Amino acid sequence: MTQRKLRLEAGFSRSRRQIVAGSLALGAAVGLMPGAALAAQDKPPAKLQNLTPLWPPPQSSLAITPTPPLAALVLNKAAFGPRPGDAAAFAALGIDDDSRLLAWVDHQLNPGLADTEVDSRLAALAASAVPADVAAFDTLNKTAQQLWTEHARSSDWAVRNRPVWQMERLYLLRATYSEWQLREVLVDFWFNHFNVIGGEFPSHGLMPRYDEILRQHVFGNFGDLLNASAKSASMLYYLDNYVNTWPYPNENYAREVLELHTLGAIENYFGAVDPATVGSNSKGQRAGYTEIDVFEFAKALTGWGVSDNSYQSPDTGEFLFRATRHYSAWATAPLKILDLTITATNGEADVTDVLDYLAGHYGTARYIAWKLCVRLVGDDPDLGAETGRPKPESDRQATHHVPAPDDE
């Protein structure tokens, strides 16, 4: 080691020691270190001597914060926050909190076709002098094929992204002004659950139709929503199933369906173990999935893709099942996915059978219920042990029934 390097390292070491020593002295000066004594020469400058010590920590004189009114809780969890007058309107819905909550939820679960404040603002924008490319919402009612051809496939960056930009603005308008706050919160919930990236192909061009899928099923059957998202070009591209073909499978979408969209990765994932070692839940179903189930599901999903000019398909952006790229075109061994045995001869139905099974699995119900409770009720819900509660037929029923602590 050179003398110059030794001198540099020695200098650096002295600097670090000096910094640490100076920090400790200053910490003692302002009370950071209990019991630390200052040498006369280490007293801090006069401008630091009147600082409030941080040790011992100051004791708060404030009483325990009372629970906020129910209106504040509901409007901050099941809505995008209270606007002027919302809390008073909530209070006028009944004679007590129970009746007010029931009336508010019943109203929100049955949204009308009109959304007066949002509609009026959209109309005002359309009639304003603001340039059309800023104010217009001209992509919202285009068909999926129009959005694919005119926007997703456009060579113009601004044209490609115009649909997602318009949806971003409309999202903020709805969150701020919509009468149907619970619907908007749940659309946001399901968009996060079935997440796609708006800045990527083809989602930037197709976002109005992906939003429409969520809205069509927001209070409907979860299995219908799962199947609809599974056939959207936005989802199939985002999670790479458009390139999932046999004999070159891509497991990304299969894994995310299990880990994120249905059973979750918390209490129903058993890792890289023999599926035969996984027990049953209280409904007699396999308690969860393993890595083998992920791989088997990926096989079932082969050929499940998009009509995008590949493999001589038309360039429409519509869902397309390619039988010649499905596992069954190359192999005959059945696929075992949790409790299902797929013969691999039913083509597209191989996937819908699995999706329907996963949508009805008790583990999925618990996972989705937990996520809904976190969003709508509280940050740390306790679902308790399996109870055998009947599975609700729709998300509308699940949202309406918020279990009390002693509800069995």
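Computed over protein heavy atoms with a 1.4 Å probe, the accessible surface of the stretch 189-281 works out to 37 Å² per residue. Gain on full extension, evaluated as 0.36 nm per residue between ALA91 and THR143 minus their Cα-Cα distance, stands at 14.5 nm. Put simply, the amide H of ASP315, placed in the peptide plane, has neighbours under 5 Å in ASN309, leaving out anything fewer than 5 places away on its chain. Loop-located GluC sites (Glu not before Pro) in the stretch 142-251 (DSSP state not H, G, I, E or B) with no more than 16 neighbouring Cβ atoms inside 10 Å: GLU179, GLU200. Taking amide H positions as placed in the peptide plane 1.01 Å from N, state which residues far from ILE342 in sequence (5 or more) or on other chains have amide H under 5 Å from it. Those lying under 5 Å, H to H, from ILE342 are LEU335, LYS336, ILE337. Within the full protein context, the accessible area of TYR357 is estimated at about 40 Å² for a probe radius of 1.4 Å. Per residue, the accessible area of the stretch 308-387 comes to 51 Å² when a 1.4 Å probe rolls over the protein heavy atoms. Put the Cα centre of the stretch 357-377 next to the Cα centre of the stretch 119-186 and the gap is 31 Å. For the pair THR345 and LEU113, a Förster radius of 56 Å applied to the C-beta separation gives a FRET efficiency near 0.80, rounded to the nearest 0.05. Label-to-label distance, ALA323 versus LEU172, with points set 7 angstrom from Cα along the beta-carbon direction: 5.0 nm.
The values are calculated or read from the model by the stated rules, or taken from the named source; none is laboratory data. A quick note: this is a predicted structure, and the numbers were derived from the prediction, not measured. Positions of Cβ are generated from backbone atoms using ideal geometry, with glycine treated the same way; all protein chains shown enter the neighbour counts. These accessible areas exclude ligands, DNA and RNA; they are computed on the full protein's heavy atoms, side chains included. Shrake-Rupley method; radii C 1.70, N 1.55, O 1.52, S 1.80 Å.
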